[in-house]
């Protein structure tokens, strides 16, 4: 829809319910659109010519207008040299001066009622709601002939003089438009809400002035089918208008046509007239022809009493108006590329945890709902720039949105592993939508929370990012311990070398560690392996990450055991692949509850052992404590089956 193009009697204007198809040219004016709602893109210049069938057809420039959109603000200015109505009221007067002089003359009262210019402003609060106001400046001039007798010694005679009274004023209105449903639009506007005028007390002003009665108008636009529009408007004074219109596309242009019929409480018969229209539009221009055809003979003069009793309520449409035809030309003066898509909304889905850089390659930071404004499919390339994180735009996969449809668009980002975020911060993020234009079609800026490099989102699977980050350090540390215990490792049977390495490494690791809980915070804090070794302390997350890294860096496979606890802090243990075959578990224990057979990353069934990394006495104790917990919670209480215990592989 091109705007609130719905008209009634006092609200009737010269455009006749015309539209510009899917293109947002303004084809209504302040009479019918006090809320000033329109969907113009940038600048728009319009000129209207009007022809009136009086005794002969006369024409003039009816209106010049200029509009401009700035973001969600819309401004409209019009100059209306053809928006006027003139009357000449004549009276035959017989005057007697003395006993000898009789004088017959005709005294005229010339009435000029005109609007000079108007201004409108509106603001679009959302996709559905817009509100605004209009101001219009009117000029009223009354020239009244008055007799003036002249007495001299030789002759007596009568002349006339003209008394001029000016009564100029402003009046303003407020209105809003609400898109209740995709096929139903509602508008409510005031009529003559406030008035700023000079206090002119002359009788001629009171008798012939433009009538400014306060009221309101309610309009609805209903789309029962594609390309079909039904409009209805009613004013509080009882006047109303209804119309139907449709559109077709030919030769790359939008052709629109329709007709309205209106009822006016001040005019007879009940159906006062019709307003047909036809228009053609492209992205650069609109040309429309509309008219008013009254159902009564407008060449028949009306008595003066009609002007005095009912007055003039609308300068263009009243009981004294003639049939009219109007030609309007609108030109788009856009200095910005035509927008193919725009946002409906955008929601931040995830805060940023810098250590989990690979996660954001397939997990979106934000998801937007985007609408295709064109009648063709459009390929959209989303791009994201987080100012304190990215050195340039990060492009997400392209998505094609069907014509006039909406789609979900996801935004991903990358984080360089050397990008150190040492402090939690809120950063501004720019979300861009690119199509065929060099400039973005739309952009939204929103804050994104970026955590420091030690922050963790609480998802156990994401601990693997902390494990992998220090592989070089972990490998050197593990190998240095094996070098010191080379004799015991070399003397172990080939099948037990992995088990012996795990046992030796844990005993060396555990004897230097002290358990320390994390401080209370909004997010979990996880140390990197080199930090844990350096600080010689940590909690279950830190120890599990560190010991897993020490093993993974030298090729020993591990997995996390996530003991979920919705009522308190969850716990993390390790499962370690000994690479023993299922029948070889007796080489390390005769207790079947201390081993767990599961597939390796290569799909081979092998013997795994649980390990409680916070049990810092020695390997055997840590193994036993973890085995008891795993047997009870994961197996006996069916934790694995119920999802309360989850094994997380890398």
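Every number here is computed from the coordinates shown, using simple stated rules; none is lab data. On a predicted model such as this, the values are computed, not experimentally measured, just so you know. No Cβ is skipped: glycine too gets one built from the backbone with ideal geometry, and neighbour counts run over all protein chains shown.
Remark: relative contact order (the range 43-332) = 15 percent; criterion is Cα-Cα distance under 8 angstrom and separation of 6 or more residues. Between residue 358 and residue 587, the modelled label-to-label distance comes to 3.0 nm, taking each label 7 Å out from Cα in the direction of the beta carbon.
Just rank 459, 287, fewest to most, by other beta-carbon atoms within 10 angstrom. Before the final figure, lay out each step's value.
Numbers: 459 13, 287 17.
Sorted ascending by nearby Cβ count, the order is 459, 287.
If the chain linking residue 194 and residue 261 were pulled fully straight, counting 0.36 nm for each residue of separation and taking away their Cα-Cα distance, it would gain 21.2 nm. Taking label points 7 Å from Cα along the Cα-to-Cβ direction, residue 251 and residue 302 give a separation of 4.2 nm. In degrees between 0 and 90, to the nearest 10, how far off the longest principal axis of the chain does helix 619-629 point, with axes built from Cα atoms? The helix 619-629 is inclined about 50 degrees to the chain.
How high is the FRET efficiency between residue 424 and residue 457 when r is their beta carbon distance and R₀ equals 22 Å, given to the nearest 0.05? Kindly include the intermediate steps, with their values, before the conclusion.
Values: r = 13 Å, r/R0 = 0.59.
In this case the efficiency is close to 0.95.
Taking the 0 to 90 degree range and rounding to the nearest ten, how far is the long axis of helix 497-510 tilted relative to the main principal axis of the chain, both from C-alpha atoms? Approximately 70 degrees, to the nearest 10.
Relative to the longest principal axis of the Cα atoms of the chain, the long axis of helix 471-484 lies at roughly 10 degrees. Per-residue Cβ neighbour counts within 10 Å put 198, 110 in the sequence 198, 110, beginning with the fewest. With R₀ set to 56 Å, the beta-carbon distance separating residue 181 from residue 570 gives a calculated FRET efficiency near 0.75. With no solvent and one point per C-alpha, what does the Debye sum give as log10 I(q)/I(0) for the chain at q = 0.05, 0.08, 0.10 Å⁻¹? The Debye formula, applied to the Cα set alone, gives -0.47, -0.75, -0.93. For the chain, the 222 nm mean residue ellipticity estimated from helices alone, with every DSSP H stretch of n ≥ 4 adding -39500 (n - 2.57) and the total spread over all residues, rounds to -4000 deg cm²/dmol. Simple spin-label estimate for residue 342 and residue 493 gives 7.6 nm between the two label positions (7 Å along the Cα-to-Cβ direction from each Cα).
Taking R0 as 30 Å, what FRET efficiency do you get between residue 410 and residue 126 from their Cβ-Cβ distance, rounded to the nearest 0.05? Can you show the working numbers first?
Details: r = 23 Å, r/R0 = 0.76.
In this case the efficiency is close to 0.85.
Of the residues 14, 540, the one with the fewest other Cβ atoms within 10 Å heads the list, and the complete ranking is 540, 14.
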